[in-house]
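S.K.: Submitted below is the structure of interest, expressed as structure tokens.
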Amino acid sequence: MSEEILFDYLHSELVNYCVKDKDNDLAELEYIGYTTGYRIIERLTRDYPRFKDELDTMKFICTDFWSSIYKKQIDNLRTNHQGVYVLQDNSFRFLNKLSTGSQYLEHAPKYVAFTCGMLRGSLANLGITSIVTAEVSALPACKFHIQVSRG
């Protein structure tokens, strides 16, 4: 329990530090997430055999990776089988603390940028180049869109 509180506090301070006086430039926050995800996935997959394909990798991200970071699995994984994946978390940890009023939606991007970077970094370490964006239409739910680069 105390680890979870520390992680929440660290994330909150990271957001404050990276966004402060920068007009919501989230590139630094996303990069810190990228390097974090890149390193974490090495430890998590150390004892796993290679993944068969892209979908198998995404399933691992939704179950084992997400559980190790957020203490729960992704609520829904969708794909069009052409390189686009949507991971939906109906109660995203970093958005739970925000009030649910629509006026707070404008603050949501700074709380999901780190996780977008973490997803992109972890996938990069597994050999998948991607673009990760987040969509928050109602708090605390969040959808992460992953566009896999082919070629």
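S.K.: Can you name the residue in segment 37-82 that is part of a helix (DSSP H, G or I) and touching a Lys or Arg at 6+ places or on another chain (Cβ under 8 Å) and, of all such residues, is farthest from Ile5 (Cα to Cα)?
M.R.: Gly37
S.K.: Could you please find all residues in segment 141-151 being open to solvent by 50 Å² or more (accessible area, probe 1.4 Å) and either assigned to a loop (DSSP other than H, G, I, E, B) or of a type in the set (A, V, I, L, M) (or both)?
M.R.: Correct list: Ser149, Arg150, Gly151.
S.K.: Still on this structure, please answer the following. When the residues of segment 83-133 are narrowed to those that are assigned to a helix (DSSP H, G or I), of a type in the set (Gly, Ala, Ser) and more than 17 Å from Gln73 (Cα to Cα), which ends up modelled with the lowest pLDDT?
M.R.: Here the residue is Ser102.
S.K.: Let me ask something else. Tell me the residue from Asp64, Asp75, Asp8, Asp53 that is more than 23 Å from Val148 (Cα to Cα), of a type outside the set (Lys, Arg) and either open to solvent by 50 Å² or more (accessible area, probe 1.4 Å) or touching a residue at least 60 places away in the same chain (Cβ under 8 Å) (or both), please.
M.R.: Matching residue, one of Asp64, Asp75, Asp8, Asp53: Asp8.
S.K.: Being without any contact (Cβ under 8 Å) to a residue 60 or more places away in the chain, farther than 16 Å from His11 by Cβ and open to solvent by less than 10 Å² (accessible area, probe 1.4 Å) narrows it down to one of Leu87, Leu105, so name that one.
M.R.: Leu87
S.K.: Would you point out which residue out of Tyr70, Tyr38, Tyr17 is under 13 Å from the mean Cα position of the chain (by Cα) and open to solvent by 80 Å² or more (accessible area, probe 1.4 Å)?
M.R.: Just a single option satisfies the conditions, and that option is Tyr38.
S.K.: Now for a different question. Of all residues being touching a Leu at 6+ places or on another chain (Cβ under 9 Å) and in contact (Cβ under 8 Å) with a residue 60 or more places away in the chain in segment 108-119, which is most open to solvent (accessible area, probe 1.4 Å)? Just the residue, please.
M.R.: Restricting to residues being touching a Leu at 6+ places or on another chain (Cβ under 9 Å) and in contact (Cβ under 8 Å) with a residue 60 or more places away in the chain, the top hit is Pro109.
S.K.: Right, here's the next one. Using the structure shown, decide if Lys97 is of a type in the set (Lys, Arg), free of Cβ contacts under 8 Å to residues at least 40 places away in the same chain and open to solvent by 10 Å² or more (accessible area, probe 1.4 Å).
M.R.: no
S.K.: May I pose another question? Between residues in segment 120-140 that are open to solvent by 60 Å² or more (accessible area, probe 1.4 Å) and residues that are assigned to a strand (DSSP E or B), which pairs lie under 6 Å by C-beta distance while being six or more apart or on different chains?
M.R.: Between residues of segment 120-140 that are open to solvent by 60 Å² or more (accessible area, probe 1.4 Å) and residues that are assigned to a strand (DSSP E or B), the close pairs are Arg120/Ser130; Arg120/Val132; Ile131/Gln147; Thr133/His145; Glu135/Lys143.
The values are calculated or read from the model by the stated rules, or taken from the named source; none is laboratory data. A quick note: this is a predicted structure, and the numbers were derived from the prediction, not measured. FYI the Cβ positions are ideal-geometry reconstructions off the backbone, even for glycines, and counts take in every protein chain you see. Surface areas here come from the heavy atoms of the whole protein model, side chains and all, with no ligands, DNA or RNA. Shrake-Rupley method; radii C 1.70, N 1.55, O 1.52, S 1.80 Å.
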